[in-house]
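Data first, discussion second: the structure below is written as structure tokens.
The values are calculated or read from the model by the stated rules, or taken from the named source; none is laboratory data. Since this is a predicted model, take the numbers as computed values, not measurements. Neighbour counts run over all protein chains shown; Cβ positions are idealised from the backbone, glycine included.
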Amino acid sequence: MSIVSQLIKQVRKGSPAAQKEVFTTFSPQLYKVAYRYAPDSHTAKDILQESWIKIFGKIDQYKEEGKFEAWCKVIVIRTALTYRRKFKVHLRDEEFQSGDYSLDPKVLMDMDTADLMKIIDSIPSDYSDIFKLYVVEGYSHREIGELLDIGESTSRCKVSLARKKLRTILSKRKKAMSI
């Protein structure tokens with residue numbers, strides 16, 4: 001039996017020490033996930049806190065068929081997406097789909113990860129969230145469809161449109177930097 005399995009067993013029995021150990025062990029990775037979907041660190045911490053409440057409240061539902069961290073990650077993502085839907089206004093699809101989508105590949109060379117994440121977050125959240133789930137988190141379109149209760153084709157379409165919009169933004173950024 002692994003250390004994580006032993007901790008989960010103790011958490012299920014109500015051990016505060018085991019709860020603290022699980023929290024301390026997995027919070028750094030789960031915070032990074034929450035932060036990818038949050039507008040700022042304060043909101044990411046709120047999302048993480050709400051996620052931990054759900055994780056500990058539903059720990060009996062964890063079947064130990066997959067990694068515990070992956071199970072927790074799904075809860076954090078769902079919590080973050082619910083938060084975004086609840087508090088953020090989305091642009092209409094028609095507004096988002098217009099534009100020129102060409103990109104010079106050299107644009108990304110001078111960017112760091114934080115800059116790129118800011119640009120991804122600048123597109124409408126229903127597109128950026130699916131883009132992050134697919135590109136950053138590595139979920140398949142089928143998994144995204146199940147997670148968000150949308151069709152696989154909707155996931156594919158939104159990832160494609162997100163890529164096009166990102167190309168436009170990055171092209172404009174390059175033009176602005178060369179002036």
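Annotations
- Sole residue being outside any helix (DSSP H, G or I) and either within 20 Å of Arg85 (Cα to Cα) or not acidic (Asp, Glu) (or both), chosen from Tyr139, Tyr134, Tyr127: Tyr139
- If the condition is being among the aliphatic types (A, V, I, L, M) and touching a residue at least 60 places away in the same chain (Cβ under 8 Å), then the stretch 58-88 contributes Val74, Ile77, Leu81.
- Qualifying positions in the stretch 80-138 - modelled with pLDDT under 60 and small (Gly, Ala, Ser): Ser98, Gly99, Ser102
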